[in-house]
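Structure record follows, encoded as structure tokens.
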Ligand SMILES: [Zn+2]
């Protein structure tokens, strides 16, 4: 596998990076050995990340493979049908779609990058044009069958759209990129003033399960390349003129969460915290991932204020 060592933080672009711990995953995956990877933390923004990490080409090849949408293992190591599993996120995605509808500018397209089968876009009841960007040919075909405009491309290979966008959706996408910092630096300029950015299901390395289970946290994976904390997300978005307007910790609305599962997981975590059980992989739990809705506010405010100035002001 094509691996790279990057000296700077791939979330904020700064650093320095220092080692947290090596990988301990045991599942065979692609053609790498887990011992090749390490988790590192950025001293500047606090984001965690895999380093060395799969290159642009390695990530693109992994996620573009049609087999990824035929069968696969979920974080519980269970074989699942990815299409069924994607459909089971509907309750969760409906919450994001409703929130986006309330804030979405009237003009401009909504671009879902890493759209999968287009489920999230299909739930967005707005008149704006919708564009699904999806590198996997099988998922892209299914998104097309929903009537969406589809671009079959990898996120980092995209060129700027001709017109400013009303929203960009990056749901379970940005952490799969080899250089999410460079991609955000480019793509955030594609949004119109007041435009929305949905960063869905970013893995939080400071969540309770990760604190208790350390390297056995279930979502550490070489193809989950960055793990920005909520503070790190805010730190990167603020200088670009974004404000975070909604935050969700989507557990109970996902196929991984329910009251019985929550009670069982809480008990398992308490036993592990007290070192009364050996450490296997951590369970699914509240806060493992966080979703953010941000709005490009700085220019939006500037323009709003400018428009309020009467044209007949005396000189
Ligand atoms: Zn950083």
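FYI, it's all coordinate maths here, none of it is from the lab. Only a predicted model underlies this, so the values are computations on that prediction, with no experimental measurement involved. All Cβ positions, glycine included, derive from the backbone under ideal geometry; neighbour counts span all protein chains shown.
Given the residues 170, 199, 184, 219, which is the only one that is within 13 Å of the chain's Cα centre (by Cα), within 16 Å of the ligand (Cβ to nearest atom) and not in a helix (DSSP H, G or I)?
Testing whether each residue is within 13 Å of the chain's Cα centre (by Cα), within 16 Å of the ligand (Cβ to nearest atom) and not in a helix (DSSP H, G or I) leaves just 199.
Could you check region 227-252 and list, in sequence order, the residues that are more than 13 Å from the ligand (Cβ to nearest atom), buried (at least 19 other Cβ atoms within 10 Å of the Cβ) and over 22 Å from residue 194 (Cα atoms)?
Of everything in region 227-252, those that are more than 13 Å from the ligand (Cβ to nearest atom), buried (at least 19 other Cβ atoms within 10 Å of the Cβ) and over 22 Å from residue 194 (Cα atoms) turn out to be 250, 251.
Is it the case that some residue within region 69-88 is in a strand (DSSP E or B) and within 16 Å of the ligand (Cβ to nearest atom)?
The answer is no, given that none of the residues of region 69-88 is in a strand (DSSP E or B) and within 16 Å of the ligand (Cβ to nearest atom).
Please go through region 118-167 and pick out each residue that is crowded, with 17+ Cβ neighbours inside 10 Å, in contact (Cβ under 8 Å) with a residue 40 or more places away in the chain and not in a helix (DSSP H, G or I).
Within region 118-167, 135, 136, 154, 164, 165, 166, 167 qualify.
Out of region 62-87, which residues are under 30 Å from residue 15 (Cα atoms) and in contact with a strand residue (DSSP E or B) (Cβ under 9 Å, 6 or more places away or on another chain)?
62
Within region 58-73, can you find the residues that are in contact (Cβ under 8 Å) with a residue 40 or more places away in the chain and either closer than 17 Å to residue 221 by Cβ or surrounded by 14 or more Cβ atoms within 10 Å (Cβ to Cβ) (or both)?
Scanning region 58-73 gives 58, 59, 60, 62, 63, 64, 65, 68, 69, 73.
Just a yes or no: is a residue in region 180-189 touching a strand residue (DSSP E or B) at 6+ places or on another chain (Cβ under 6 Å), closer than 26 Å to residue 161 by Cβ and either surrounded by 23 or more Cβ atoms within 10 Å (Cβ to Cβ) or without any contact (Cβ under 8 Å) to a residue 24 or more places away in the chain (or both)?
Within region 180-189, one or more residues are touching a strand residue (DSSP E or B) at 6+ places or on another chain (Cβ under 6 Å), closer than 26 Å to residue 161 by Cβ and either surrounded by 23 or more Cβ atoms within 10 Å (Cβ to Cβ) or without any contact (Cβ under 8 Å) to a residue 24 or more places away in the chain (or both).
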